[in-house]
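This report concerns only the one structure given below.
Only the coordinates and a few stated rules stand behind these numbers; no lab work does. Just so it is clear, the model here is predicted, and its values are computed rather than measured. All Cβ positions, even for glycine, are placed from backbone atoms using ideal geometry, and neighbour counts span all protein chains on display.
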Amino acid sequence: MTATAVETAALVRAGERSAVDALEQSLAVIAAREPELHAFNLVLADEARAAAAAIDTRVAAGEDPGVLAGVPIALKDNMCTRGIPTTCSSRILDGWRPPYDATVVRLLADAGAVMVGKTNLDEFAMGSSTENSAFGPTRNPHDPARVPGGSSGGSAAAVASGMVPVSLGSDTGGSIRQPAALCGVVGVKPTYGLVSRYGLVAFASSLDQIGPFAATVADAALVLEAISGHDPADSTSIPEAAPDLLSRLDDGVSGLRVAVISELMAEGIAPDVAARVRAAADALAAAGATVEEVSIPAIAHGIGAYYILAPAEASSNLSRYDGVRFGLRVDAPTTPEMYDLTRTAGFGDEVKRRIMLGTFALSAGYYDAYYGTAQRVRTLIRGEFDAAYERFDLLLSPTSPTTAFPIGEKTDDPMTMYLNDVCTIPTNLAGHPAISVPYGVGDDGMPIGVQVLAPSLGEVTMFRAAAVLEATLLEATS
Amino acid sequence: MSIPEGWETVIGLEVHTELLTNTKMFSAAPNHFGGEPNTNIDPVTLGLPGSLPVLNRKAVELAIRAGLALNCTVQRSIFARKNYFYPDMPKDYQISQFDLPINTEGWLELPGGKIIGIERAHLEEDTGKSTHMGSGGGRIHDAEYSLVDYNRAGVPLLEVVGKPDLRSAEEARQYVSELRSILMAVGASDGKMEEGSLRVDCNVSVRRVGDTEYGTRCEVKNVNSLRSLGRAVDYEAARQVELIENGERIRQETRHWNEDTGRTTTLRSKEEATDYRYFPEPDLVELDPDPAWIEQLRSELPVLPRELRAGLIERLDATPTQAALIVDRGLAGLVTDAFDTGGDASRLLTHAEHDLADERSGALAPAAFARLSAMERDGALTATQAKTVLADMVASGADPESIAATHGFEAMESNELESIVDRLIGEHPDDWAKFQAGENKVMGFFVGQVMKATGGNADGKAVSALLNAKRS
């Protein structure tokens, strides 16, 4: 088993394990599993070796390289890395190398982490299975015939297969939590604005948020602490400093008020998944929390609102891929034809579908009926969550309605694919944090994740509950 | 071309001005005119994937100052995306303000006193500049290839949207001139139309005098000077009247002013207009300026052109034309300060109107200008001499006394002047007889002779007075 990030960082900082050694172990697993899984778009072995050696030199010189010293980490390939291709798993960014690092990339480097590569995703983070990648699908480490979830499927599979202890993904409608659940790892969508979006290639700006994948709750906390905090380069970044998660991780849940969301335990949720959520609720109750049920009726409109708002923003965010300044260009006699040919060749079907949906939703005469209504639904959902959080500290639900499905099963049916996000989308619309914690397996033996939801900036309490679930599961299976 | 009798032109102007900030609207890239193409750029300017806008506080401050000077209400506002594809628009959307502009409902007073409504004055970012190469005559459709310079992309703009309250090309010119003065006075703009830092789009329609409904309007673009503005409005109004009188209808469209031909031509019809798909910019938060900050900016507003003109007219007895010209040249402060330090009002105004077109005039010391006018009033300098001294003062910055001494301009004693006049009367008895008989034009002859004899050092008025006194 791969060492955890907490262990590796402690040993490297103490000079008891070299960063190079930790990296070589990571690269060895990548060499063994990558051909089958295709978690990575790009493995940066040489750059990582140089970075790890530099960490070791600093430790030898008596310096402290930071809280993530020598921890190998993988990045979803929609975060800008200076001089290193950043593809979003799209042909349209062919050949583009960003001239700057995303804020999270800089923060990870400052904390001593070693970036081993860029992971596969659904093109521009649009999808729930990582099948919409221009470079082919990523496979689920627990069963390579199945999807890892998406859109951050590469980052989830990289952690689940032990290639790296931790990775970063982005979550617009569940793109961290759903693949975390399907791959059996921890995945966190932080409060909107807690982690800087500067350098994250935008899908839907008002919903996008970067967060960690990890094999353990403590590792997820370690990484989230390192990447959080105010960034003046992101106007939607909140002023709060990074939360203090690790020191509170073992505080338990005694006295916390928890409620299971009834709408997310009903029709459409597989019985084995619902059973694991009930088991999680029982475990929290046994640990001293009070557990009830709560109804948040507006959740029923979440998917509808999301599939207006996210494509609307995406249709605008993706306009810049026009062949003029960077990436792919298909030459044509006139500029408008060049736009057409470039975008036709450069974007995959799902991206085109969402650009068209969003363009339509924003069109004169339709704006209020679609975008306006969706915004009102968003306000409604946020209001109902806020009301629930007046009575409860945390909410509980499944992360995904089912376990991982076979590759190819839903690719011809976008609507069914969209329904995968029913449990995760409301959190993005509300701007709140949520974490998916592995909590056993389903009838098919595939992992099941339980989602713990918290109010804005409720990360500390949320991680305490996640730690309790992690501990009770270990007890149950050991 | 101008509009026929019985018709009225209705004009509403949209004026874009670049704001005088050090950096761009949403990034730290420099904001300055000129420079090698694509040097004032950064990831945000180029709209690179992952880059995000951060609002420039100085741009907001200048927009508020301009809004307050235009008597607008400053309000909570939001930014919106205006979506359209064009190579000089890096993100293929422009960050602008739509539903909620920062400034709303103001007004501006023309020099003659007419009030023109301001609908809104909102913030937005400028585009880059495209140059279309090849045989197509500079149009993108026929270009072989195009070059884009993104130095201007992201420069902060204030768009001032005026109400359709203007009724003639002359009023339109006055409006732009007044708006320009106000924007310059508050430090928002350098007002340089020739560099494109002030740009005007005009909406023109016509109607029969007495009609209360507006006619169908056309928007005229590419108006790059006050002169073009007048010409374009007159041409467009006449074109529309001719169409209507021929029984045709005006189509709502955007038209292009061609400076060389003096005509407007169709750019695109209303049906071809882009659907901009405006929606709130999710990368920025709402802009809700602190009321205390707004009040502070209000208290720091300079004296505005309208008040400067009123001051010149009321205190120095300036004519409206003089007042407008002096304020327009930015000389109101100089003239008023010179007056307050003992200058002669009428001579200060005359010089400011006629002799201070030089750009360096603003640097004149008010006290020195005041002393010059006093020397002239007291007869120590003639009007002609004063003009010469003033030009030297502007050029060299030296004081009037030393310049006058250098030129040998010395006050002529009146008894010295009288003896010269007496001598000349003696030398020209016939002319003197004609003058005594009432031939006033002979006065000029004698004044000229005196000037000749004194090398121009005599005061013309004093000579005339002396001659008249001797005749009676």
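Here each label is just a point 7 Å from Cα along the line to Cβ, and for B:Arg298 and B:Asp431 those points are 6.8 nm apart. Averaged over the residues of B:270-280, the number of partner chain Cβ atoms lying within 10 Å of the residue Cβ comes to 4.
So what's the net charge close to A:Leu429: Lys and Arg +1, Asp and Glu -1, counting the other residues with Cβ under 9 Å from its Cβ? Residues near A:Leu429 contribute +2 overall. Along its three principal directions, the equivalent ellipsoid of the protein assembly as shown from the Cα gyration tensor extends over semi-axes of 74, 31, 25 Å, largest first. Straight-line cross-link reach from B:Lys434 at under 18 Å between alpha-carbon atoms covers these aspartates and glutamates, not counting any fewer than eight positions away in the same chain: B:Asp422. Legend: ranking of residues B:Met443, B:Met25 from fewest to most surrounding C-beta atoms inside 10 Å; resulting order B:Met443, B:Met25. The residues packed around A:Gly62, meaning those with a beta-carbon under 15 Å from its beta-carbon, carry a net charge of -2 if Lys and Arg are +1 and Asp and Glu are -1. Under 17 Å of direct C-alpha separation, and excluding same-chain neighbours fewer than eight residues apart, B:Lys452 reaches these lysines: B:Lys461. As a calculated quantity, the FRET efficiency between B:Thr39 and B:Glu194 at R0 = 25 Å, using C-beta atoms, amounts to about 0.70. With both labels modelled 7 Å from their Cα along Cα-to-Cβ, the A:Ala369 to A:Ala242 distance reads 4.9 nm.
Counting only lysines at least 8 places from A:Lys118 when in the same chain, those with an alpha carbon closer than 19 Å to its own are A:Lys76.
Provide, for the range B:7-297, the number of lysine pairs with alpha carbons under 15 Å apart, each pair being eight or more places apart or on different chains. Total qualifying Lys-Lys pairs in the range B:7-297 comes to 5. Per-residue Karplus couplings for the range A:264-274, computed as 6.51 cos²θ - 1.76 cosθ + 1.60 with θ equal to phi - 60°, are listed in order as 9, 10, 9, 3, x, 9, 4, x, 5, 5, 4 Hz, Gly and Pro entered as x. Residues within the reach of a label modelled at A:Glu475 (point 7 angstrom out along Cα to beta-carbon, backbone nitrogen below 14 Å), restricted to the range A:272-302, are A:280-289. With a 10 Å cut-off around each Cβ of A:231-237, the average count of Cβ atoms from other chains is 5. Placing R0 at 35 angstrom, the Cβ-Cβ distance between B:Val209 and B:His354 gives a FRET efficiency of 0.35 after rounding to 0.05.
Extension gain, B:Arg167-B:Ala395: 0.36 nm per intervening residue step, less the Cα-Cα distance, totals 77.9 nm. Peptide A:203-209 is shielded by partner chain Cβ atoms: per residue, an average of 2 of them sit within 10 Å of its Cβ. Counting neighbouring Cβ atoms within 10 Å and putting the fewest first, the residues B:Asp378, A:Asp94 line up as B:Asp378, A:Asp94.
Taking 0.36 nm per residue of sequence separation and removing the Cα-Cα distance, the B:Asp99/B:Ser346 pair yields an extension gain of 83.9 nm. In the range B:414-471, a dipole from Cβ-located charges (positive for Lys and Arg, negative for Asp and Glu) runs towards its positive end, and of B:Ala453, B:His428, B:Met443 it is B:Met443 whose Cα lies farthest in that direction. Relative to one another, the C-alpha centroids of the range A:264-332 and the range B:457-472 are positioned 98 Å apart. Distant-in-sequence amide contacts of B:Leu166, defined by a placed amide H-H separation under 5 Å and a gap of 5 or more residues or a different chain, comprise B:Ile11. Summing Lys and Arg as +1 and Asp and Glu as -1 over all other residues whose Cβ lies under 12 Å from the Cβ of A:Val71 gives a net charge of 0. Think of it as helices only: each DSSP H run of n ≥ 4 in the protein assembly as shown is worth -39500 (n - 2.57), and spread over all residues that comes to -12000 deg cm²/dmol at 222 nm. Counting only Cβ charges, +1 for Lys and Arg and -1 for Asp and Glu, the dipole size of the range A:5-248 around its Cα centre is about 300 debye.
In this structure, A:Met415 and B:Glu248 have a Cβ-Cβ separation that, at R0 = 41 Å, corresponds to a calculated FRET efficiency of about 0.20.
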